[in-house]
Amino acid sequence: MISSVLPTYNRAPLSFVKGEGSWLIEADGRRFLDLGAGIAVNALGHAHPDLVAALTEQANAVWHVSNLYQIPQQQKLADLLVEHTFADTVFFTNSGTEACELAVKMARKYWYDKGQPDRTDIITFSGSFHGRSSAGIAAAGSEKMTKGFGPLLPGFVHVPWGDHEALKAAVSDITAAILIEPVQGEGGIRPVPDQCLKGLKAMAEDTGLLLIFDEVQCGMGRTGRLFAHEWSGVTPDIMMVAKGIGGGFPLGAVLATEEAASGMTAGTHGSTYGGNPLGCAVGIAVMNHIADPAFLDEVNRKAGALRQKLEGLVAAHPTVFEAVRGQGLMLGLKCVAVNADVVKAGYDAQVITVPAADNVIRLLPPLNISDADIAEAVNRLDKAATAVEAA
(Lines give C-alpha, C1' and ligand atoms only; values in the text may rest on other atoms or scores of the structure.)
Protein backbone atom coordinates (compact mmCIF):
# COMPACT_ATOMS: atom_id res chain seq x y z
CA MET A 1 0.00 0.00 0.00
CA ILE A 2 1.37 3.41 -0.94
CA SER A 3 2.38 5.82 1.81
CA SER A 4 0.22 8.87 2.46
CA VAL A 5 3.40 10.83 1.64
CA LEU A 6 4.31 10.16 -1.99
CA PRO A 7 7.35 7.86 -1.73
CA THR A 8 9.77 9.81 -3.94
CA TYR A 9 12.42 10.11 -1.22
CA ASN A 10 14.73 7.44 0.14
CA ARG A 11 14.60 8.82 3.67
CA ALA A 12 16.98 7.94 6.50
CA PRO A 13 15.25 6.51 9.60
CA LEU A 14 15.70 9.73 11.54
CA SER A 15 13.08 12.17 12.85
CA PHE A 16 14.45 15.47 14.12
CA VAL A 17 12.26 17.41 16.49
CA LYS A 18 14.47 20.34 17.47
CA GLY A 19 17.47 22.27 16.21
CA GLU A 20 19.99 24.37 18.11
CA GLY A 21 22.74 26.10 16.13
CA SER A 22 24.78 23.38 14.40
CA TRP A 23 22.90 20.58 16.20
CA LEU A 24 19.78 18.55 15.48
CA ILE A 25 17.99 16.60 18.18
CA GLU A 26 16.31 13.31 17.26
CA ALA A 27 12.96 12.27 18.71
CA ASP A 28 14.79 9.77 20.94
CA GLY A 29 17.05 12.52 22.34
CA ARG A 30 20.23 11.83 20.38
CA ARG A 31 22.16 14.93 19.29
CA PHE A 32 23.54 15.07 15.76
CA LEU A 33 26.11 17.51 14.44
CA ASP A 34 24.57 18.90 11.26
CA LEU A 35 27.10 19.23 8.44
CA GLY A 36 24.29 19.28 5.88
CA ALA A 37 22.36 22.36 7.03
CA GLY A 38 19.28 21.17 5.14
CA ILE A 39 21.44 20.97 1.97
CA ALA A 40 23.07 24.39 2.39
CA VAL A 41 19.81 26.02 3.49
CA ASN A 42 20.24 26.73 7.21
CA ALA A 43 23.05 29.20 6.64
CA LEU A 44 22.84 30.55 10.21
CA GLY A 45 22.08 27.21 11.81
CA HIS A 46 18.90 26.14 13.54
CA ALA A 47 16.66 28.52 15.50
CA HIS A 48 18.93 31.54 15.13
CA PRO A 49 17.42 34.15 17.48
CA ASP A 50 17.47 36.98 14.92
CA LEU A 51 15.64 34.88 12.35
CA VAL A 52 13.12 33.66 14.92
CA ALA A 53 12.52 37.27 16.00
CA ALA A 54 12.11 38.50 12.43
CA LEU A 55 9.64 35.73 11.59
CA THR A 56 7.68 36.15 14.81
CA GLU A 57 7.41 39.92 14.46
CA GLN A 58 6.21 39.64 10.87
CA ALA A 59 3.82 36.79 11.70
CA ASN A 60 2.15 39.05 14.24
CA ALA A 61 1.71 41.74 11.59
CA VAL A 62 0.77 40.38 8.15
CA TRP A 63 1.52 37.03 6.47
CA HIS A 64 0.33 37.38 2.90
CA VAL A 65 -1.15 40.09 0.68
CA SER A 66 -0.11 38.91 -2.86
CA ASN A 67 1.90 40.78 -5.45
CA LEU A 68 -1.13 42.84 -6.42
CA TYR A 69 0.17 45.32 -3.84
CA GLN A 70 3.38 46.89 -2.62
CA ILE A 71 5.24 44.71 -0.10
CA PRO A 72 7.67 46.82 1.99
CA GLN A 73 9.72 43.82 3.16
CA GLN A 74 10.17 42.69 -0.45
CA GLN A 75 11.34 46.14 -1.50
CA LYS A 76 13.84 46.32 1.37
CA LEU A 77 15.32 42.90 0.60
CA ALA A 78 15.54 43.71 -3.11
CA ASP A 79 17.33 46.96 -2.26
CA LEU A 80 19.83 45.07 -0.10
CA LEU A 81 20.54 42.54 -2.86
CA VAL A 82 21.00 45.27 -5.46
CA GLU A 83 23.29 47.19 -3.10
CA HIS A 84 25.56 44.20 -2.54
CA THR A 85 25.63 42.63 -6.02
CA PHE A 86 25.93 43.29 -9.76
CA ALA A 87 22.14 43.32 -10.11
CA ASP A 88 19.78 46.17 -10.90
CA THR A 89 16.57 44.28 -10.23
CA VAL A 90 15.26 41.22 -8.34
CA PHE A 91 12.28 38.88 -8.69
CA PHE A 92 11.44 36.74 -5.66
CA THR A 93 10.46 33.08 -5.87
CA ASN A 94 9.86 30.30 -3.35
CA SER A 95 12.68 28.01 -4.48
CA GLY A 96 15.70 27.53 -6.69
CA THR A 97 13.66 25.49 -9.15
CA GLU A 98 11.32 28.43 -9.69
CA ALA A 99 14.34 30.70 -10.05
CA CYS A 100 15.56 28.44 -12.88
CA GLU A 101 12.22 28.71 -14.65
CA LEU A 102 12.39 32.51 -14.64
CA ALA A 103 16.06 32.63 -15.63
CA VAL A 104 15.25 30.54 -18.72
CA LYS A 105 12.21 32.68 -19.58
CA MET A 106 14.16 35.90 -19.04
CA ALA A 107 16.98 34.88 -21.37
CA ARG A 108 14.62 33.82 -24.15
CA LYS A 109 12.35 36.84 -23.78
CA TYR A 110 15.41 39.11 -23.99
CA TRP A 111 16.24 37.87 -27.48
CA TYR A 112 12.61 37.83 -28.57
CA ASP A 113 12.30 41.50 -27.73
CA LYS A 114 15.58 42.19 -29.54
CA GLY A 115 14.00 40.89 -32.73
CA GLN A 116 15.85 37.54 -32.68
CA PRO A 117 13.17 35.06 -31.55
CA ASP A 118 15.14 32.07 -32.87
CA ARG A 119 17.85 32.60 -30.25
CA THR A 120 16.45 30.19 -27.68
CA ASP A 121 19.21 27.62 -27.02
CA ILE A 122 20.83 27.60 -23.60
CA ILE A 123 24.18 25.84 -23.13
CA THR A 124 24.53 23.80 -19.94
CA PHE A 125 27.12 21.38 -18.55
CA SER A 126 27.34 17.73 -17.57
CA GLY A 127 26.97 17.10 -13.85
CA SER A 128 24.80 20.17 -13.39
CA PHE A 129 21.67 20.42 -11.27
CA HIS A 130 19.12 23.18 -11.79
CA GLY A 131 16.05 21.82 -10.01
CA ARG A 132 13.40 19.24 -10.86
CA SER A 133 10.90 21.21 -12.93
CA SER A 134 10.53 20.57 -16.65
CA ALA A 135 13.05 23.30 -17.46
CA GLY A 136 15.40 22.22 -14.66
CA ILE A 137 15.68 18.59 -15.71
CA ALA A 138 15.95 19.52 -19.38
CA ALA A 139 18.77 21.89 -18.49
CA ALA A 140 20.66 19.19 -16.58
CA GLY A 141 19.94 16.57 -19.22
CA SER A 142 21.24 13.53 -17.34
CA GLU A 143 19.41 10.23 -17.67
CA LYS A 144 18.98 10.10 -13.89
CA MET A 145 17.02 13.36 -14.01
CA THR A 146 15.10 12.90 -17.25
CA LYS A 147 14.30 9.19 -17.68
CA GLY A 148 10.56 8.65 -17.98
CA PHE A 149 9.69 12.34 -18.11
CA GLY A 150 9.74 12.99 -21.86
CA PRO A 151 9.15 14.74 -24.08
CA LEU A 152 11.70 17.13 -22.63
CA LEU A 153 11.54 20.88 -22.98
CA PRO A 154 13.68 21.67 -26.04
CA GLY A 155 16.32 24.34 -26.38
CA PHE A 156 19.13 23.06 -24.14
CA VAL A 157 22.56 22.12 -25.49
CA HIS A 158 24.66 19.97 -23.14
CA VAL A 159 28.45 20.02 -23.18
CA PRO A 160 30.97 18.12 -21.03
CA TRP A 161 32.07 19.96 -17.89
CA GLY A 162 35.51 21.50 -18.44
CA ASP A 163 35.62 20.86 -22.21
CA HIS A 164 36.48 24.26 -23.66
CA GLU A 165 36.51 23.13 -27.28
CA ALA A 166 33.08 21.50 -26.98
CA LEU A 167 31.75 24.72 -25.49
CA LYS A 168 33.09 26.82 -28.36
CA ALA A 169 31.63 24.38 -30.88
CA ALA A 170 28.23 24.51 -29.19
CA VAL A 171 27.75 28.24 -29.72
CA SER A 172 25.61 29.03 -32.75
CA ASP A 173 23.44 31.80 -34.13
CA ILE A 174 20.47 30.47 -32.12
CA THR A 175 22.31 30.40 -28.77
CA ALA A 176 20.72 32.67 -26.17
CA ALA A 177 22.70 32.05 -23.01
CA ILE A 178 25.18 29.95 -21.03
CA LEU A 179 23.96 28.53 -17.70
CA ILE A 180 26.50 27.29 -15.16
CA GLU A 181 27.00 26.71 -11.44
CA PRO A 182 30.25 28.40 -10.28
CA VAL A 183 30.56 25.42 -7.94
CA GLN A 184 28.60 22.28 -8.78
CA GLY A 185 26.83 20.96 -5.71
CA GLU A 186 24.86 17.85 -6.64
CA GLY A 187 27.54 17.16 -9.24
CA GLY A 188 30.12 16.48 -6.53
CA ILE A 189 31.44 19.83 -5.22
CA ARG A 190 33.30 20.83 -8.39
CA PRO A 191 34.41 24.48 -8.47
CA VAL A 192 34.80 26.07 -11.89
CA PRO A 193 38.34 27.52 -11.99
CA ASP A 194 38.48 31.32 -11.94
CA GLN A 195 40.16 31.42 -15.35
CA CYS A 196 37.29 29.39 -16.81
CA LEU A 197 34.67 31.78 -15.46
CA LYS A 198 36.72 34.65 -16.90
CA GLY A 199 36.77 32.81 -20.21
CA LEU A 200 33.01 32.32 -20.13
CA LYS A 201 32.52 36.01 -19.46
CA ALA A 202 34.80 36.93 -22.37
CA MET A 203 32.94 34.52 -24.65
CA ALA A 204 29.59 35.96 -23.61
CA GLU A 205 30.78 39.49 -24.27
CA ASP A 206 32.28 38.55 -27.64
CA THR A 207 29.14 36.75 -28.85
CA GLY A 208 26.47 38.80 -27.09
CA LEU A 209 25.24 35.78 -25.13
CA LEU A 210 23.69 36.18 -21.71
CA LEU A 211 25.64 34.59 -18.85
CA ILE A 212 23.50 32.92 -16.18
CA PHE A 213 25.01 31.78 -12.88
CA ASP A 214 23.17 29.26 -10.73
CA GLU A 215 24.22 30.15 -7.18
CA VAL A 216 21.35 28.38 -5.48
CA GLN A 217 23.74 26.17 -3.50
CA CYS A 218 27.07 28.00 -3.68
CA GLY A 219 25.75 31.50 -2.97
CA MET A 220 24.90 33.43 0.19
CA GLY A 221 28.33 33.27 1.80
CA ARG A 222 28.83 29.55 1.29
CA THR A 223 32.26 29.92 -0.37
CA GLY A 224 33.48 32.82 1.79
CA ARG A 225 32.21 35.58 -0.50
CA LEU A 226 28.60 36.70 -0.64
CA PHE A 227 28.42 34.93 -4.02
CA ALA A 228 30.90 32.43 -5.40
CA HIS A 229 31.47 34.23 -8.71
CA GLU A 230 33.02 37.16 -6.82
CA TRP A 231 36.24 35.16 -6.40
CA SER A 232 36.79 35.30 -10.16
CA GLY A 233 36.09 39.01 -10.51
CA VAL A 234 33.41 38.46 -13.17
CA THR A 235 29.67 39.07 -13.01
CA PRO A 236 26.74 37.37 -14.73
CA ASP A 237 23.79 38.96 -16.48
CA ILE A 238 21.31 36.79 -14.57
CA MET A 239 21.75 34.87 -11.30
CA MET A 240 19.59 32.26 -9.59
CA VAL A 241 19.56 32.31 -5.76
CA ALA A 242 17.70 30.29 -3.11
CA LYS A 243 18.56 27.94 -0.20
CA GLY A 244 20.65 30.08 2.18
CA ILE A 245 18.88 33.34 1.33
CA GLY A 246 15.96 32.34 3.56
CA GLY A 247 18.01 30.69 6.28
CA GLY A 248 15.48 27.83 6.35
CA PHE A 249 12.37 29.71 5.25
CA PRO A 250 11.37 28.92 1.63
CA LEU A 251 12.74 31.79 -0.45
CA GLY A 252 14.46 32.20 -3.80
CA ALA A 253 15.27 34.99 -6.21
CA VAL A 254 16.45 35.88 -9.68
CA LEU A 255 18.87 38.79 -9.85
CA ALA A 256 19.56 40.51 -13.15
CA THR A 257 20.98 43.55 -14.85
CA GLU A 258 18.51 46.07 -16.25
CA GLU A 259 19.49 45.05 -19.79
CA ALA A 260 19.06 41.29 -19.24
CA ALA A 261 15.67 41.86 -17.57
CA SER A 262 14.44 44.27 -20.23
CA GLY A 263 11.96 41.79 -21.71
CA MET A 264 10.23 41.06 -18.41
CA THR A 265 7.50 43.66 -18.39
CA ALA A 266 4.20 43.67 -16.48
CA GLY A 267 2.31 40.42 -16.95
CA THR A 268 5.22 38.33 -18.28
CA HIS A 269 5.82 36.48 -15.01
CA GLY A 270 4.31 36.14 -11.56
CA SER A 271 4.10 34.19 -8.32
CA THR A 272 1.40 33.93 -5.69
CA TYR A 273 3.74 33.45 -2.74
CA GLY A 274 7.02 34.77 -4.14
CA GLY A 275 8.35 37.66 -2.08
CA ASN A 276 5.75 37.27 0.65
CA PRO A 277 6.21 39.35 3.83
CA LEU A 278 7.22 36.36 5.99
CA GLY A 279 9.95 35.12 3.64
CA CYS A 280 11.36 38.55 2.95
CA ALA A 281 11.42 39.53 6.63
CA VAL A 282 13.59 36.48 7.31
CA GLY A 283 15.68 37.16 4.19
CA ILE A 284 16.46 40.68 5.44
CA ALA A 285 17.69 39.24 8.74
CA VAL A 286 19.85 36.72 6.86
CA MET A 287 21.36 39.43 4.64
CA ASN A 288 22.12 41.63 7.63
CA HIS A 289 24.42 38.88 8.89
CA ILE A 290 25.89 37.31 5.77
CA ALA A 291 26.62 40.50 3.81
CA ASP A 292 28.81 41.77 6.67
CA PRO A 293 32.49 41.53 5.60
CA ALA A 294 33.48 40.53 9.14
CA PHE A 295 31.07 37.58 8.98
CA LEU A 296 32.53 36.46 5.65
CA ASP A 297 36.05 36.77 7.07
CA GLU A 298 35.01 34.34 9.79
CA VAL A 299 33.57 31.95 7.20
CA ASN A 300 36.94 31.91 5.45
CA ARG A 301 38.85 31.40 8.70
CA LYS A 302 36.64 28.52 9.76
CA ALA A 303 36.79 27.04 6.27
CA GLY A 304 40.57 26.98 6.47
CA ALA A 305 40.50 25.29 9.86
CA LEU A 306 37.97 22.69 8.72
CA ARG A 307 39.83 21.94 5.50
CA GLN A 308 43.10 21.42 7.36
CA LYS A 309 41.43 18.94 9.70
CA LEU A 310 39.78 17.16 6.76
CA GLU A 311 43.13 16.79 4.98
CA GLY A 312 44.36 15.02 8.10
CA LEU A 313 41.26 12.82 8.08
CA VAL A 314 41.88 11.82 4.46
CA ALA A 315 45.51 10.96 5.26
CA ALA A 316 44.42 8.85 8.23
CA HIS A 317 41.83 6.86 6.26
CA PRO A 318 43.18 6.28 2.73
CA THR A 319 40.85 3.33 2.11
CA VAL A 320 37.81 5.50 2.88
CA PHE A 321 38.70 8.95 1.54
CA GLU A 322 40.67 10.07 -1.50
CA ALA A 323 40.69 13.89 -1.39
CA VAL A 324 39.11 17.11 -0.15
CA ARG A 325 37.57 19.45 -2.71
CA GLY A 326 35.51 22.62 -2.76
CA GLN A 327 35.71 26.15 -1.46
CA GLY A 328 34.79 27.90 1.78
CA LEU A 329 32.25 25.91 3.77
CA MET A 330 31.11 24.10 0.62
CA LEU A 331 33.42 21.13 0.88
CA GLY A 332 33.36 17.58 -0.42
CA LEU A 333 35.15 14.43 0.57
CA LYS A 334 35.86 12.30 -2.50
CA CYS A 335 35.43 8.75 -1.27
CA VAL A 336 37.23 5.50 -2.02
CA ALA A 337 34.56 3.59 -0.14
CA VAL A 338 30.94 3.87 -1.32
CA ASN A 339 29.79 7.33 -0.31
CA ALA A 340 26.38 6.07 0.83
CA ASP A 341 28.14 3.76 3.29
CA VAL A 342 30.10 6.71 4.68
CA VAL A 343 26.93 8.78 5.07
CA LYS A 344 25.22 5.89 6.87
CA ALA A 345 28.22 5.38 9.17
CA GLY A 346 28.00 9.09 9.91
CA TYR A 347 24.43 8.64 11.11
CA ASP A 348 25.68 5.99 13.52
CA ALA A 349 28.38 8.43 14.70
CA GLN A 350 25.70 11.15 14.98
CA VAL A 351 27.09 13.44 12.29
CA ILE A 352 25.09 14.42 9.19
CA THR A 353 26.61 14.65 5.72
CA VAL A 354 25.00 14.76 2.28
CA PRO A 355 25.81 12.44 -0.65
CA ALA A 356 26.57 13.80 -4.12
CA ALA A 357 27.64 12.54 -7.52
CA ASP A 358 31.17 11.34 -8.28
CA ASN A 359 31.20 9.31 -5.03
CA VAL A 360 31.45 12.46 -2.89
CA ILE A 361 29.95 13.36 0.47
CA ARG A 362 29.12 17.02 0.94
CA LEU A 363 29.97 19.02 4.05
CA LEU A 364 27.75 22.11 4.14
CA PRO A 365 27.67 23.21 7.79
CA PRO A 366 26.02 26.37 9.06
CA LEU A 367 28.25 29.32 8.19
CA ASN A 368 28.40 30.31 11.85
CA ILE A 369 29.49 26.87 13.11
CA SER A 370 31.77 27.19 16.14
CA ASP A 371 35.40 26.09 16.30
CA ALA A 372 34.45 23.55 18.96
CA ASP A 373 31.75 22.09 16.73
CA ILE A 374 34.19 21.88 13.81
CA ALA A 375 36.58 19.86 15.96
CA GLU A 376 33.78 17.61 17.20
CA ALA A 377 32.46 17.13 13.67
CA VAL A 378 35.82 15.87 12.44
CA ASN A 379 36.08 13.56 15.45
CA ARG A 380 32.72 12.06 14.52
CA LEU A 381 33.72 11.74 10.88
CA ASP A 382 36.82 9.92 12.06
CA LYS A 383 34.63 7.46 13.99
CA ALA A 384 32.47 6.98 10.91
CA ALA A 385 35.53 6.27 8.74
CA THR A 386 36.86 3.78 11.29
CA ALA A 387 33.50 1.99 11.22
CA VAL A 388 33.57 1.82 7.42
CA GLU A 389 37.08 0.34 7.55
CA ALA A 390 35.93 -2.32 10.02
CA ALA A 391 32.84 -3.29 8.03
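Worth pointing out:
- Counting only helices (runs of 4 or more DSSP H) that sit wholly inside the stretch 72-163, those with at least 2 residues that are out of contact with any helix residue (DSSP H, G or I) (no Cβ under 9 Å at 6 or more places or on another chain) and farther than 26 Å from residue 230 by Cβ are 96-113, 143-146.
- For residue 318, the conditions (1) crowded, with 22+ Cβ neighbours inside 10 Å; (2) in the same structural domain as residue 379 (by TED's automatic domain parsing) are fulfilled apart from (1).
- Enumeration of residues in the stretch 370-383 that are of a type outside the set (D, E, K, R) and surrounded by fewer than 24 Cβ atoms within 10 Å (Cβ to Cβ): 370, 372, 374, 375, 378, 379
- Residue list for the stretch 222-243, restricted to those being surrounded by fewer than 22 Cβ atoms within 10 Å (Cβ to Cβ) and of a type in the set (Val, Ile, Thr): 234, 235
- Being under 20 Å from residue 41 (Cα atoms), of a type outside the set (Val, Ile, Thr) and in contact with a Ser or Thr (Cβ under 6 Å, 6 or more places away or on another chain) is a property that residue 303 lacks.
- Of all residues in the stretch 359-391 being under 26 Å from the mean Cα position of the chain (by Cα) and part of a loop (DSSP other than H, G, I, E, B), the one that is farthest from residue 43 (Cα to Cα): 359
- Flag if residue 140 is in contact (Cβ under 8 Å) with a residue 60 or more places away in the chain, under 24 Å from residue 232 (Cα atoms) and either in contact with a Ser or Thr (Cβ under 8 Å, 6 or more places away or on another chain) or not assigned by TED's automatic domain parsing to the domain that holds residue 95 (or both): no
- Every pair of residues 6+ apart whose Cβ atoms lie under 7 Å, when the first sits in the stretch 256-271 and is free of Cβ contacts under 8 Å to residues at least 40 places away in the same chain while the second is loosely packed, with under 12 Cβ neighbours inside 10 Å and of a type in the set (Ser, Thr, Tyr): none
- Every residue from the stretch 179-227 that is out of contact with any Phe, Trp or Tyr (no Cβ under 7 Å at 6 or more places or on another chain), assigned to a strand (DSSP E or B) and over 14 Å from residue 129 (Cα atoms): 211
- Selection count, the stretch 313-331, where residues are part of a helix (DSSP H, G or I) and either within 22 Å of the chain's Cα centre (by Cα) or touching a residue at least 24 places away in the same chain (Cβ under 8 Å) (or both): 2
The values are calculated or read from the model by the stated rules, or taken from the named source; none is laboratory data. Computed from a prediction, not measured in an experiment: that's the story for all the values here. Cβ atoms come from the backbone with ideal geometry, glycine included; neighbour counts cover every protein chain shown.
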